[in-house]
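The values are calculated or read from the model by the stated rules, or taken from the named source; none is laboratory data. None of the values given here were measured: they were computed from a predicted structure. All Cβ positions, even for glycine, are placed from backbone atoms using ideal geometry, and neighbour counts span all protein chains on display. Each accessible area value is taken on the protein alone, full model and side chains, heavy atoms only, with ligands, DNA and RNA left out. Shrake-Rupley method; radii C 1.70, N 1.55, O 1.52, S 1.80 Å.
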Amino acid sequence: MLIALDFDGTLAFSKFMWTNTTIYLFEKAGIDLSFYREKIAYEFKNKAFPWHFPEMYHKFTNSIQWWNDLILTLSKKVSSVSGIELSIVFKILKDFPEIYLSKDNWVLYDDTIAFLETFKKHAKLVLVSNHVPEFERILEFLNIKMFFNKIYNSTFVGYCKPNPIIFNRIKSDWNESEYIMIGDNYEADFLGSSKCGFYPYLVRNNDVSLSCNHKDLNVISSYLKLKLNI
């Protein structure tokens, strides 16, 4: 059995996230953007990140260029909402990676380590995440990188979930009898993987209408233990 896991919202969470980091960076610069918080959050959910375009191939050149392209996109959205000149917004948001990649930003869920320790012994574990180029640095300071047989970061694969290319890449790399996908996003993790022959589990999703959702990894762990007879 191979168990593929999403990261953000599944194994760990960002305390600051994208909108709060933006507000914080402007506060440091002496500008209060809290009035625009909801509008900025809305704009950031609308075609702001590479994973909002899963059908497209995203060529990676280097980390600096990746962040510059993203920050320019975010700056345009913040500028349009706030009326602040684009060049000023871009200059303030240039410090985004420093905050987003800091140790203080990332927290593991309470059930993550126990889940990884259990299934590392009985299955192949891989990570599949739509994430930033420095994703593995985050895994290292959270001390969980060693649990995974391989890491599939959309930045380097070139395609984001739910594009079938990223899921089929996993299947082509491993010859397993069963493929499991665990994630918090219904479209990217649950539907995307199921279309490629994975058995999906949804976890920690905030949509109460989704009956397929599980409250935490402990519930899924009990199902998988039965599958593996452990």
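3J(HN,Hα) along the stretch 35-46, derived from phi through the Karplus expression 6.51 cos²θ - 1.76 cosθ + 1.60 where θ = phi - 60°, amounts to 4, 9, 3, 5, 5, 5, 4, 4, 5, 5, 8, 10 Hz, with x in place of Gly and Pro.
For a label point 7 angstrom out from the Cα of ASN168 toward its Cβ, which stretches of the stretch 198-218 have the backbone nitrogen within less than 20 Å? Correct set: 198-200. Based on Cα contacts under 8 Å between residues 6+ apart, the stretch 96-189 shows a relative contact order of 24 percent.
Using a 1.4 Å probe on the protein chains only, how many percent of the accessible area of the chain belongs to carbon and sulfur?
Details: 5780 of 11430 Å².
Roughly 51 percent, rounded to a whole number.
Relative contact order, percent, of the stretch 1-124 when contacts are C-alpha pairs under 8 Å separated by at least 6 residues?
42
Relative to the first principal axis of the alpha-carbon coordinates of the chain, what is the inclination of helix 17-28, with its axis defined by its Cα atoms, in degrees from 0 to 90 and to the nearest 10? Long axis of 17-28 versus the principal axis of the chain: about 30 degrees.
Rounded to 0.05, the FRET efficiency of the LEU228 and ASN143 pair, given R0 = 22 Å and the Cβ-Cβ distance, is 0.35. Roughly what angle does helix 164-173 make with the longest principal axis of the chain, taking Cα atoms, 0 to 90 degrees, to the nearest 10? Around 40 degrees separate the two axes.
Tell me which label goes with the value of Cα extents along the principal axes in Å computed from the coordinates here: [x] 60, 35, 33; [y] 81, 50, 28; [z] 61, 50, 31. Looking at Cα extents along the principal axes in Å for this model, the match is [x]. Here the chain is treated with +1 on each Lys and Arg Cβ and -1 on each Asp and Glu Cβ, and its dipole about the Cα centre works out to around 340 debye.
Axis of helix 217-228 versus longest Cα principal axis of the chain: the two differ by about 30°, to the nearest ten degrees.
Shown are ARG137, ARG37, whose ranking by accessible area with a 1.4 Å probe and every protein chain present, most to least, is ARG137, ARG37. With helices as the sole contributors, the chain gives -12000 deg cm²/dmol at 222 nm; each DSSP H run of n ≥ 4 counts as -39500 (n - 2.57), and the sum is divided by every residue. Once the 1.4 Å probe is applied to the protein heavy atoms, the chain comes out at 50 Å² accessible per residue. Contact order for the chain, expressed relative to its length and based on alpha carbon pairs under 8 Å spaced 6+ residues apart, stands at 26 percent. In this structure the amide hydrogen of TRP106, modeled in the peptide plane, comes within under 5 Å of the amide hydrogens of LYS15, none closer than 5 places in sequence on its chain.
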